[in-house]
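Heads up: the structure comes next, in structure tokens.
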Amino acid sequence: MSKFFSFIWDHRQNLLFLLLVLISLSALSLSSHRRFYLARRVNRAILAPFQLVVARVDYFLQLKSENVKLRKSNFLLNLELYRLQEAKRQNQRLEALLEFSRRYPVRFIACRIISGGLGEKAHVFIIDKGFEDGLSPNLPVLVPEGLVGKTVEVDPHRTVVQLYSHPEFRVSAKPRGKEDRAIVGSSQNNKMYMFNIPLRNQLEPGDLIVSSGMGGIFPKGIPVGRIVGLEEEEEMRIKMRARMEPAVDLDKVSEVFVLADTAFIGPGDNLLFEATDSLTQLWERP
């Protein structure tokens, strides 16, 4: 038996050719009606499955092509939606800035942030105005929510803004409605604190801290942040410090105001100088 199968396998091509010849001769000997019937059976048995496979492959290829087009169309629609949403958000921000600037007869210069800091300059913004637009160093930088920082390096058409999160930034501040003055700045862990507070103080969590007007740079009344907790300073334990939540989220700032009104600028960077004018009215909602 094994020899028989071995013979079949060795001569498979010849035997297949002979089988096809016999089928062809048999088909020729049939009547035309029987030949047509046999052709249909062969078509259904052999060609139809092959055609079905080809049709399915063609369908899936078309489906894949349409899927690619739909994904591309969906991507473009999402980009357009994002553009429209961003334009709406920018319009809302600009409306808020315009409304803010109209509350008080103060000279503001509206600026757009064109760059953030990198590496060691991660705590600065670069804005699109410079000394040819009326800017100079040590001017307060604000948004409707409160204090952002101050100008430090001024070029003809660009200015570097030192943010409140900068390790070297300091502002004299006090609780609104109280007189416990202290210095606000950022610690090494990038958290905002109010430093050098006497142990006997009237501060409470939730107090709004505003600029005190001392120092000749920042006028009175600019919101700086809110107190979230009080703790003793670690060194001498004769002073307190207050942990604060900033009034301004820097990640959401795209446009700023620079306060360029000379009525608020003091004679030099002197902590003993107290501004005579106040911006408190800007944050007193009608």
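Here, each number is a calculation from the coordinates, and none is a lab measurement. All values reported here derive from a predicted model rather than from experimental measurement. With ideal geometry, Cβ positions are generated from the backbone for all residues, glycine too; neighbour counts draw on all protein chains shown.
Using a simple spin-label model with points 7 Å from Cα along the Cα→Cβ vector, what separation in nm is obtained for N201 and E153?
3.4 nm
Among the listed pairs K191/K220; K64/K88; K150/K174; K129/K252; K191/K239, which have their C-alpha atoms separated by more than 25 angstrom in this model?
Violating the 25 Å limit, Cα to Cα: K64/K88.
Spin-label point model (7 Å from Cα, Cβ direction): what's the E86 to L208 distance in nm?
3.3 nm
Return the FRET efficiency for the residue pair L52, F75: r is the Cβ-Cβ distance, R0 is 35 Å, and the value is rounded to the nearest 0.05. Intermediate values should be presented prior to the final figure.
Numbers: r = 35 Å, r/R0 = 0.99.
Approximately 0.50, to the nearest 0.05.
Using +1 at the Cβ of each Lys and Arg and -1 at the Cβ of each Asp and Glu in the stretch 143-283, identify which of W283, N196, I217 lies farthest towards the dipole's positive end.
N196
Nearest 20 debye, what's the magnitude of the dipole of the stretch 143-283 about its Cα centre given +1 on Lys and Arg Cβ and -1 on Asp and Glu Cβ?
Approximately 280 debye in magnitude.
Sorted from fewest to most neighbouring beta carbons within 10 Å, what does the list K69, K191 look like? Display every interim value, and only then the final one.
Details: K69 10, K191 13.
Listing K69, K191 from fewest to most nearby Cβ atoms yields K69, K191.
When R200, R243 are ordered from fewest to most other Cβ atoms inside 10 Å of their Cβ, what list results?
Fewest-to-most ranking of R200, R243: R200, R243.
Would you mind ranking F125, F169, F60, F195 so that the residue whose beta carbon has the fewest other beta carbons within 10 Å leads the list? Write down the numbers at each step before the final one.
Details: F125 23, F169 18, F60 10, F195 15.
Ordered by Cβ neighbours within 10 Å, fewest first: F60, F195, F169, F125.
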